Amino acid sequence: MSNVMADSSAPLIAIIEDEAPIQKFLQASLQVEGFRVVPATTAKDGVRLITQEHPAIVLLDLGLPDADGISVIKSIRGWSSLPIIVLSARGEEKSKIEALDAGADDYLTKPFGIGELLARIRSALRRAARPAAEGEDHTFRFGKVHGDLAARRVFVEQEEVKLTKLEFDLLALLVRNRDRVLTHQYLLKEVWGPGSANEPHYVRVFMANLRKKLEQDPSRPLFLITEQGIGYRLQSQT
Ligand code: CA
């Protein structure tokens, strides 16, 4: 747990992962980057660790020996909004979606590179650092796009972009949750209402429209990012 390279003000990362090689790899890689780390290898120890050590962020394996990682997310979300990044195996789309719907912020599919992990951690820390009062600051900006959620106006540079009501609602939801992965189900429920669960193409069509109106190159979006098989994210910085 002690680490000569990290000072005590460095963000503390809880790593809940039972596979020893991955646990070691994560600890070593994050310490080199100047983070402090605390490890746990079971769901029970993980939850205890979080209540005792108050980490800035949690990396959570979904397959733990004593319980499902989803139960850890539900437990943490009972008292805390700290960022949770789920680590899951390839092909576990269903459990990734379940984890995101339970309140996880993001996921990585094993095996992942350390560069990708660090980018996700930085993004989650940025999101967590945004003051709660930002809820009252209804203006936003990503790339050349900026706007005002309260006034329902969106611009690309100086030019105002006309969005339909649903396009705007979808964009607003993504803006309010920027840098988080939002599942198809969540987007459908929030924008189209509870009766729309079986209409996943709505999201795809409206996302394509938003990209055409807001992205420089809609076929290679920089901000409105597809999470294959899972949903979408608004990446606020590129
Ligand atoms: Ca595991």
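Just so you know, all these numbers are worked out from the coordinates, no wet-lab data involved. Quick caveat, the model's predicted, so the values are computed rather than measured. Cβ sites come from the backbone with ideal geometry, for glycine too, and all protein chains shown count toward neighbours.
Which stretch or stretches of the stretch 199-238 have amide N atoms under 20 Å from the point lying 7 Å from Ala151's Cα along the Cα→Cβ direction? Zone members listed by number: 214.
How much length would be gained if the chain were fully extended between Gln237 and Glu53, taking 0.36 nm per residue of separation minus their Cα-Cα distance, in nm to one decimal? Don't jump to the answer; show the numbers that get you there.
Values: separation 184, 0.36 × 184 = 66.24 nm, distance 2.95 nm.
In short, 63.3 nm is gained.
Run the numbers for Asp66 and Gln185: contour at 0.36 nm per residue of separation, minus the present Cα-Cα distance, in nm.
Numbers: separation 119, 0.36 × 119 = 42.84 nm, distance 2.87 nm.
Between Asp66 and Gln185, full extension yields 40.0 nm more.
Each peptide in 51-62, 226-237 was scored by the mean count of other Cβ atoms within 10 Å over its residues; highest first, the order is 51-62, 226-237.
Structural descriptor for the chain: relative contact order 13 percent, calculated from alpha carbon pairs under 8 angstrom and at least 6 residues apart. Between rounded, prolate and oblate, where does the stretch 29-130 land on the alpha carbon gyration tensor, with a ≥ b ≥ c its root eigenvalues, rounded for a/c under 1.5, else prolate if a/b exceeds b/c? Cα axes put the stretch 29-130 in the rounded bin.
Each residue of the stretch 180-194 was assigned a 3J(HN,Hα) from its phi angle through the Karplus curve 6.51 cos²θ - 1.76 cosθ + 1.60 (θ = phi - 60°); the sequence is 10, 7, 10, 6, 3, 4, 5, 4, 4, 5, 6, 9, 9, x, x Hz, with glycine and proline shown as x.
Is the C-alpha gyration tensor of the stretch 114-238 telling us rounded, prolate or oblate? Criteria: a/c under 1.5 is rounded; beyond that, a/b larger than b/c is prolate, otherwise oblate. It is rounded, given that a/c, with a ≥ b ≥ c, falls under 1.5. Taking N as the residue count of the chain, its C-alpha radius of gyration divided by 2.2 N^0.38 Å amounts to 1.06.
Computed extension gain for Thr164 through Asp101, at 0.36 nm per residue and net of the alpha carbon distance, reaches 20.0 nm. Evaluated with a Cβ-only charge set (Lys, Arg +1; Asp, Glu -1), the stretch 12-129 carries a dipole of roughly 340 debye about its Cα centre, given to the nearest 20. Comparing Phe112, Val161, Ile22 along the charge dipole axis of the chain, the residue lying farthest to the positive side is Val161, per the Cβ-charge model.
Residue by residue, the stretch 49-62 carries 3J(HN,Hα) couplings of 4, 5, 5, 8, 9, 6, x, 7, 7, 10, 9, 10, 6, 7 Hz when phi is fed to the Karplus relation 6.51 cos²θ - 1.76 cosθ + 1.60 (θ = phi - 60°); x denotes Gly or Pro.
With both labels modelled 7 Å from their Cα along Cα-to-Cβ, the Lys74 to Leu173 distance reads 2.3 nm. Between the stretch 13-86 and the stretch 158-191, how far is it from one alpha carbon centroid to the other, in angstrom? Here the two parts' Cα centres lie 30 Å apart.
For the stretch 135-234, lysine pairs separated by 8 or more sequence positions, or belonging to different chains, with Cα-Cα distances below 22 Å total 9.
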